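Participant: The structure's right below; bear with me while I get my questions together.
Values quoted throughout were computed directly from the atomic coordinates according to the rules given, and no laboratory measurement underlies them. Model, not experiment: these values are computed from the prediction. Don't worry about glycine lacking a Cβ; one is built from the backbone with ideal geometry, like all the others, and counts go over all protein chains shown.
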Amino acid sequence: MITTTGLTKVYESRGRQVTALDGVDLHVREGEVFGVIGQSGAGKSSLIRCVNLLERPTSGTVTVDGTDLTALAGRGRRANKDLRRARSRIGMVFQHFNLLSSRTVKDNVELPLEILGVSGADRSRRALELLDLVGLADKARAYPGQLSGGQKQRVGIARALAGNPKVLLSDEATSALDPETTRSILQLLRDLNRQLGLTVLLITHEMDVVKQICDSAALMKKGRVVESGTVAELLATPGSELAHELFPVTGDASGPGSTVLDVTFHGEAATQPVISQLSRTYNIDISILGAAMDTVGGRQIGRMRIELPGPYEENVVPIGFLREQGLQAELVAPDADADAGAGAGADADADAEADADADVQEKAAVPAQNAPKLVKEIAK
């Protein structure tokens with residue numbers, strides 16, 4: 001449904017170039033919820049704005065529902081008729097809602113249809129249908145200032161659905177909300193995905209978002225996609241950064257000469273007493289150093305760090321037993337947590353530099369995204 005190939009975006013600022021996207025290849029299948037995760041400055045916002053060409057890519061292609069949007073863009077700064085028509089099938093939900101405070105809730109939802117020239121009666125009918133769909137039928141005549149943050153985002157979602165889109169883009173839609181409201185908005189997005197057959201591409205910096213609703217995910221760093229796939233595939237991939245971030249486990253060996261493993265449970269194995277079976281079968285004492293278990297996509301998935309007595313060579317058979325049960329077992333090198341901490345420090349420095357670049361990008365290329373700007377962005 002969404003494919004980017006070799007996508008790059010370079011901003012010019014004060015005589016220097018800032019690369020926000022560096023050859024991004026991404027494939028989002030029809031009907032799935034796909035999450036793009038990364039720290040500030042990773043290029044997530046630039047990516048999602050390039051998908052609907054609110055930002056024009058420096059190079060590369062963007063294809064949505066079989067249409068190459070970059071081929072429709074033309075040379076002018078404003079969108080032509082063909083690009084506007086293609087965009088009408090792509091809804092977008094913003095982080096800070098971007099509602100017009102002078103319009104009622106119903107009028108905000110009608111805005112995209114008004115720009116597209118839909119008649120007043122049809123606009124009104126569609127807006128009321130959508131407000132009912134997002135649970136705000138009783139707020140049609142209210143104004144944004146009278147709503148809570150979660151209600152404002154529901155209005156934003158209803159507005160994004162006004163043109164019957166096949167694709168819904170979510171730009172950090174829950175980052176300004178409290179945890180309980182975040183859960184309700186994510187559940188709404190998942191319900192819409194299932195009821196309407198929507199393909200949802202969302203960007204976030206929160207792992208809980210990926211856990212709750214994503215079928216697939218991609219990790220971005222410094223303008224590049226460094227890892228992507230279905231959540232199940234990522235959890236089954238040895239050394240997956242996303243898997244480790246989704247289910248972080250730590251714990252140090254009790255002493256030298258033991259074997260420490262990170263074991264990933266998914267599928268039927270997640271509900272079986274595999275560790276106790278291992279202990280009884282081989283008559284060994286097993287220490288659990290850390291564990292993380294959660295439900296992802298309706299399935300229990302988790303990771304556990306365990307310690308087996310003796311060196312690796314003495315534990316080849318027990319490790320083989322774990323793998324025969326459908327578990328992923330990775331050997332943890334000594335001082336792995338210390339090495340990870342050192343790496344995190346280096347990453348923090350890199351993220352700080354990326355954050356500075358992100359600020360430059362926003363100031364240079366994306367002026368303040370306040371509510372009145374919404375009209376211009378939809379009409380581009």
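Participant: So how tilted is helix 105-115 from the main axis of the chain? Cα-based, degrees 0 to 90, rounded to 10.
Facilitator: 70 degrees
Participant: Using Cβ contacts closer than 10 Å as the measure, can you line up Ile37, Ile275, Ile284 from fewest to most? Numbers along the way, then the final one.
Facilitator: Working: Ile37 23, Ile275 18, Ile284 14.
Sorted ascending by nearby Cβ count, the order is Ile284, Ile275, Ile37.
Participant: Now for a different question. Which of the listed residues, Ala270, Pro144, Val10, is farthest toward the dipole's positive end in the chain, when Lys, Arg count +1 and Asp, Glu count -1 at the beta-carbon?
Facilitator: Comparing the listed Cα positions along the dipole, Pro144 ranks first.
Participant: Can you work out ³J(HN,Hα) from phi for every residue in segment 271-278, in order, using Karplus 6.51 cos²θ - 1.76 cosθ + 1.60 and θ = phi - 60°, giving whole Hz and x for Gly and Pro?
Facilitator: These are the phi-based 3J(HN,Hα) values: 10, 9, x, 5, 5, 5, 4, 4 Hz.
Participant: Using Cβ counts within 10 Å as a stand-in for footprinting exposure, how do Phe94, Phe265 rank, fewest first? Numbers along the way, then the final one.
Facilitator: Numbers: Phe94 21, Phe265 25.
Ranked by crowding around the Cβ, least crowded first: Phe94, Phe265.
Participant: Arrange the peptides 2-11, 156-165, 38-47 so that the one whose residues have, on average, the most other Cβ atoms within 10 Å appears first. Numbers along the way, then the final one.
Facilitator: Numbers: 2-11: 19.5, 156-165: 22.5, 38-47: 24.6.
So the order, starting with the most tightly packed, is 38-47, 156-165, 2-11.
Participant: How long is the gain from Ser148 to Glu241 if the chain were fully straight, where each residue apart is worth 0.36 nm and the alpha carbon distance is subtracted?
Facilitator: 29.9 nm
Participant: Can you say what percent of the DSSP beta bridges in the chain, counting only those with both residues inside, are antiparallel? Round to 5.
Facilitator: The antiparallel proportion sits near 70 percent.
Participant: Hey, another quick one. Report P(r) for segment 254-333: all Cα-Cα distances, bin width 5 Å, range 0 to the bin holding the largest distance, values in whole percent.
Facilitator: Final binned percentages: 3, 15, 29, 27, 15, 7, 3, 1.
Participant: Continuing with this model, one more query. Go through Lys106/Lys152; Lys106/Lys139; Lys166/Lys211 and tell me which ones have a Cα-Cα distance over 18 Å in this structure.
Facilitator: Checking Cα-Cα distances, Lys166/Lys211 exceed 18 Å.
Participant: Each residue of segment 314-327 in turn: what ³J(HN,Hα) in whole Hz from Karplus with 6.51, -1.76, 1.60 and θ = phi - 60°, glycine and Pro shown as x?
Facilitator: Going residue by residue, I get 7, 10, 4, 5, x, 5, x, 4, 4, 5, 5, 7, x, 9 Hz, with x marking Gly and Pro.
Participant: Go ahead and collect, in residue order, the members of segment 216-255 whose backbone nitrogen is under 19 Å from a label point 7 Å along the Cα-Cβ direction of Ser40.
Facilitator: Once the point is set 7 Å along Cα→Cβ of Ser40, 220-224 turn out to lie under 19 Å by backbone N, inside segment 216-255.
Participant: Taking θ as phi - 60°, what are the ³J(HN,Hα) couplings along segment 194-202 by the Karplus curve (6.51, -1.76, 1.60), each to the nearest whole Hz, with x for Gly and Pro?
Facilitator: Values per residue, Gly and Pro as x: 7, 6, 9, x, 6, 8, 10, 10, 10 Hz.
Participant: List the residues, sorted by chain then number, that are 5 or more residues from Val332 or on another chain and whose placed amide H is less than 5 Å from its amide H.
Facilitator: Long-range HN contacts for Val332: Val260, Leu261, Asp262.
Participant: Relative to the longest principal Cα axis of the chain, at what angle does helix 336-365 sit, 0 to 90 degrees, rounded to 10?
Facilitator: 10 degrees
Participant: Note down the net charge around Leu261, summing +1 for each Lys or Arg and -1 for each Asp or Glu among other residues with Cβ under 9 Å from its Cβ.
Facilitator: Here the count lands on -2.
Participant: Provide Ile203, Ile306 in ascending order of the number of other Cβ atoms located within 10 Å of each residue's Cβ, fewest first.
Facilitator: Ile306, Ile203
Participant: List the relative contact order of the chain as a percent without decimals, with contacts defined as Cα pairs under 8 Å and 6+ residues apart.
Facilitator: Reported as a whole number, the value is 20 percent.
Participant: Amide H of Leu21: which non-local residues (sequence gap of 5 or more, or other chain) have their own amide H closer than 5 Å, using H built in the peptide plane?
Facilitator: Close amide H contacts, sequence-distant or interchain: Lys9.
Participant: Next up: Dipole magnitude of segment 162-296 about its Cα centre, charges +1 at Lys/Arg Cβ and -1 at Asp/Glu Cβ only, in debye to the nearest 20?
Facilitator: 320 debye
Participant: Would you mind checking which residues have amide H under 5 Å from Glu172's amide H? H placed 1.01 Å from N; only 5 or more apart, or other chain.
Facilitator: The list, which skips near neighbours in sequence, is Ile203.
Participant: Still on this structure: Report, to the nearest 10°, how far helix 120-133 tilts away from the longest principal axis of the Cα atoms in the chain, using its own Cα long axis and a range of 0 to 90°.
Facilitator: 20 degrees
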